[in-house]
1. Which of rounded, prolate, oblate describes the range 298-360, given a ≥ b ≥ c as roots of the alpha-carbon gyration tensor eigenvalues and a/c under 1.5 marking rounded, otherwise prolate only if a/b is larger than b/c?
2. Evaluate the distance, in nm, between pseudo-label points positioned 7 Å from the Cα of residue 163 and of residue 56 along their respective Cα→Cβ axes.
3. By how many nm would the segment from residue 348 to residue 134 lengthen if fully extended, with 0.36 nm per residue of separation less the alpha-carbon distance?
4. Which pairs in the list 36/184; 24/331; 170/190; 82/184; 24/157; 36/157 are over 25 Å apart, alpha-carbon to alpha-carbon?
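Where a number appears in this text, it was derived from the coordinates with a stated rule and is not lab data. Quick caveat, the model's predicted, so the values are computed rather than measured. With ideal geometry, Cβ positions are generated from the backbone for all residues, glycine too; neighbour counts draw on all protein chains shown.
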Amino acid sequence: MAKNKGRQKTAKNNSSTEYDSPWKDIIEHLFEDFMKFFFPQVHEQIYLALGYEFLEQELKRVVREAVTQNRAVDKLVKVWLKNGQQAFLYIHIEVQAQYDANFSERMFIYHYRLYDRFGPFVLSLAILGDNVESWRPRSYHYETIASELSFCFSMVKMLDYQDKLDDLEKSSNPFAMVVRTHLKALETQKSPPQRLNGKVALFKALYEANYSETEIMRLFAFMDWLLTLPDELAQQFDEFIEQYEEAKKMEYLTSFERRGIEKGRQHCLQQGLQQGLQQGLQQGLQQGIQLGVLQKSREHVTEILDTRFQPVPKTLVQTIQTIDDTSLLSKLHREAILVDSLERFEQLVDKYTIPAYRSHHKPH
């Protein structure tokens, strides 16, 4: 890996800010693995093959209308259920990286604000990434005169995995590596040399695990963000990577994808702000994998159509290949599963006003 002094982000005064941003990014990009790893019982009840949607605008609206200040909600996700009794389930996920005496109340406030909008289809999930063993909030309760209310939410405590490191090393789920990285960040907060050693060990484990190239890049970005090092140690880590890759003849992070990460970090350094860091890193990552993600999404839509309505007209396949909007491809993926005919699907494509479709479509 090319040496990159732009890798390291500026120091932060708030450890929550340090951990929240990378967690938000990796949850969004590896959502199914996240649910399967931390909340397997919930994962069994939702039908992710129909797609899912992150409701950023709805989330912002809830934050804006909330009555208390300074809270950091993570993700609001709309998914389908398998049982068919409910159309959607709105999952509120919050990652809390430090102790907060008002955390349970905050979970309750967000839950009832979401309830106001979506009714009884809201599930609140919490990941506690702090280092206070005894702090394990799971509920909020209050009563006054003749009224009483209790609210419970699902919670996972990251520290509980300290006794399960062997299981984490054997797991093929990317979030096993995420947890190992987070725990190492907590463990080495006050010891940069130990952090360097831990980062080296995790990097080797990442390369030797059976992850896809996209997963490796996502996990490396997460690791690099959490396990920051002083400049001198960061230089040592860069040199280690160069030697390791040369010895192993591996190229996962020497390809265009890694250059995308580095470009994002350089952009962050120039901005010198947390917002610039997050946007720059995201931009670099997207440049590295956008084409692959888009192509996979296109293939999924085409494969479903081909399975259900074989043969699929070449003009329609060509139209799908021109779409570069992942949210639209996700919508079309869901429609391909549910639509009752190929003609109806073509009408829906036309309804979504895709310019490429209008240029390629011919009646048949």
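1. On the way: a/c = 1.36, a/b = 1.23, b/c = 1.10.
Taking the square roots of the gyration eigenvalues as a ≥ b ≥ c, the range 298-360 is rounded.
2. 4.0
3. Between residue 348 and residue 134, full extension yields 71.7 nm more.
4. Values: 36/184 22 Å; 24/331 22 Å; 170/190 28 Å; 82/184 37 Å; 24/157 17 Å; 36/157 16 Å.
Long pairs (Cα-Cα over 25 Å): 170/190; 82/184.
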